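Just so it is clear, none of the values below were taken in a lab; they were calculated from the coordinates. None of these values were measured; they are calculated from a predicted model. Don't worry about glycine lacking a Cβ; one is built from the backbone with ideal geometry, like all the others, and counts go over all protein chains shown.
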Amino acid sequence: MITTALLRSDFPAFADVVKYPDALIGFWISFGKLLLNQDRWGAPVSLSGMAAAVQAGGAGYVVGDALTISGGKFSQATKLVVDAVNAGAVTAAHATVFGDYVVLPASPAAATGGSGNGAATFNLTPAYGDSTLFDFGLELMVAHNLALERRALDEGAKGGIPGWGRGLVNNSSVDKATVGYDTTAAIEEGAGHWNLTTYGTRFKRLVNMVGAGPFQIIDPNDLNPLGSMFAFSGPPFSQFPNPSG
């Protein structure tokens, strides 16, 4: 599960929340998750924990109240159960569902549900499992698109056309001085726009490695729930016409 906070941590170049707002990063994370094939890349990392420290206890809660964290951008919100109260104010709670987020809720986060007055808030601290190739690929894809978006915004701010495409510059001249660069050493052949950023070239190289090797195709008619463990070789030979008759 790649979140905006995790991407900013892994790629400090995008730490500026003004130049790279959560909404923009969240958009490209969601977009990338739709494109990367988990059969090739593996499943994305999921939260292995979500600590919930009480910031404000609220009033009217009882032990066992089920709460749902508000805010953030998610496919599954964090869910809590109240473990202890003091005169109706929550003093301890734990997560029963860690959640699946693109943008984490702001801390302290409000919570709905339970028998209280809705004023309890929590400081959430996520714990992540081991990253997979999916996560590395997704972050590189997002970083590439963020860099292109920043270039488009800067171009528009100067009165130019945002998103106007142009290739890599391999030489430049000032007065009588000319300098040239061997751009072929820094690009991936046939990578198109991925060559416009170093993040993109890294992503394309990873794509080539992840995409190497055959797929194992399982016969959909195989009743063995574990699969045949062999590539489907096609229909039985007896179903083909006899070439001699």
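For the structure I just gave you, tell me whether GLY64 is more than 28 Å from PRO21 (Cα to Cα) and surrounded by fewer than 15 Cβ atoms within 10 Å (Cβ to Cβ). Yes.
Taken over the stretch 61-76, the criterion of being over 24 Å from the mean Cα position of the chain (by Cα) and part of a loop (DSSP other than H, G, I, E, B) is satisfied by TYR61, VAL62, VAL63, GLY64, ASP65. Scanning the stretch 30-49 for residues that are surrounded by 19 or more Cβ atoms within 10 Å (Cβ to Cβ) and in a helix (DSSP H, G or I) returns GLY32, TRP41. Can you name every residue in the stretch 1-29 that is over 17 Å from ALA106 (Cβ atoms), in contact with a strand residue (DSSP E or B) (Cβ under 6 Å, 6 or more places away or on another chain) and assigned to a helix (DSSP H, G or I)? The answer is ILE29, and nothing else. The set of residues in the stretch 117-146 that are assigned to a loop (DSSP other than H, G, I, E, B) and among the aliphatic types (A, V, I, L, M) comprises ALA119, ALA120. On the stretch given as the stretch 41-72, residues that are closer than 22 Å to ASP130 by Cα and touching a strand residue (DSSP E or B) at 6+ places or on another chain (Cβ under 6 Å) total 7. Scoring LYS79 on the criteria (1) within 20 Å of the chain's Cα centre (by Cα); (2) free of Cβ contacts under 8 Å to residues at least 24 places away in the same chain leaves a single failure, condition (1).
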